[in-house]
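The values are calculated or read from the model by the stated rules, or taken from the named source; none is laboratory data. Since we're looking at a predicted model, the values are computed, not measured. Here the Cβ positions follow ideal geometry from the backbone for every residue, glycine too, while neighbour counts run over all protein chains shown.
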């Protein structure tokens, strides 16, 4: 059988006299000049009962992984064992969630779950329902985070605060440019903004009205060298 050499994958080199290969698909490298077949995917766990619309993973103090996911109406936790499966850990009070169905993955604000971890607590928000909380190792179901917390499209942990973005609540209504954070060290405490209690626990909100960047379309915390968080907007960061 003749040996057919395939050079190193070098798609970033010029096409003319490229010593490698410009296109290699569906294989994995084994040596500098050889490739093997891509492994066949294997079923790891049972699927959700509907399309996944958000997920998050968390490592506890013993470095055990806890995986959470949500669809349009439920929240799930991946159970460990020889046959992992997603168990329904939705709220016991309040009925099914109303996340809605995504129009297309290309729509930044298509209905979805945004999740973050604050210590041992998982927070999940979908904008339609009140933010939900699950204390790993203690809770068996998600429940309402706080009576004072606004509904929000995005959640992130920023230093010692839980921050919610693009909010909606009974007092201020829809605030597409708002960043609103909890009491310091307590993601379940959301006192009235501007009150003495809120001031004493450093809870407040900030509307990004200083420029025409549009509404907030994403939020991350703890991943940047020069800032504690980044808010992604329609036309800027």
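Brief remarks on what is shown
Results for (1) more than 27 Å from residue 135 (Cβ to Cβ); (2) in contact with a strand residue (DSSP E or B) (Cβ under 7 Å, 6 or more places away or on another chain); (3) in contact (Cβ under 8 Å) with a residue 40 or more places away in the chain; (4) surrounded by fewer than 18 Cβ atoms within 10 Å (Cβ to Cβ), shown as yes or no for each residue.
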{"residue": "162", "(1), (2), (3), (4)": "no, yes, yes, no"}
{"residue": "171", "(1), (2), (3), (4)": "yes, no, no, yes"}
{"residue": "176", "(1), (2), (3), (4)": "yes, yes, yes, no"}
{"residue": "179", "(1), (2), (3), (4)": "no, yes, yes, no"}
{"residue": "184", "(1), (2), (3), (4)": "no, yes, no, yes"}
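- Considering only residues in region 77-91 that are in a loop (DSSP other than H, G, I, E, B) and at pLDDT below 95, the one that is surrounded by the fewest Cβ atoms within 10 Å (Cβ to Cβ) turns out to be 82.
- Selection of region 194-210 for residues being surrounded by fewer than 13 Cβ atoms within 10 Å (Cβ to Cβ) and on the phi > 0 side of the Ramachandran plot yields only 194.
- Across region 189-202, the qualifying residues are those that are without any contact (Cβ under 8 Å) to a residue 24 or more places away in the chain and in a loop (DSSP other than H, G, I, E, B), and the one among them that is nearest to residue 237 (Cα to Cα) is 193.
- Looking across region 142-160, the residues that are farther than 15 Å from residue 128 by Cα and in a strand (DSSP E or B) come down to 156, 157, 158.
- Some residue of region 130-139 being surrounded by fewer than 19 Cβ atoms within 10 Å (Cβ to Cβ), over 28 Å from residue 87 (Cα atoms), touching a strand residue (DSSP E or B) at 6+ places or on another chain (Cβ under 7 Å) and free of Cβ contacts under 8 Å to residues at least 40 places away in the same chain: no
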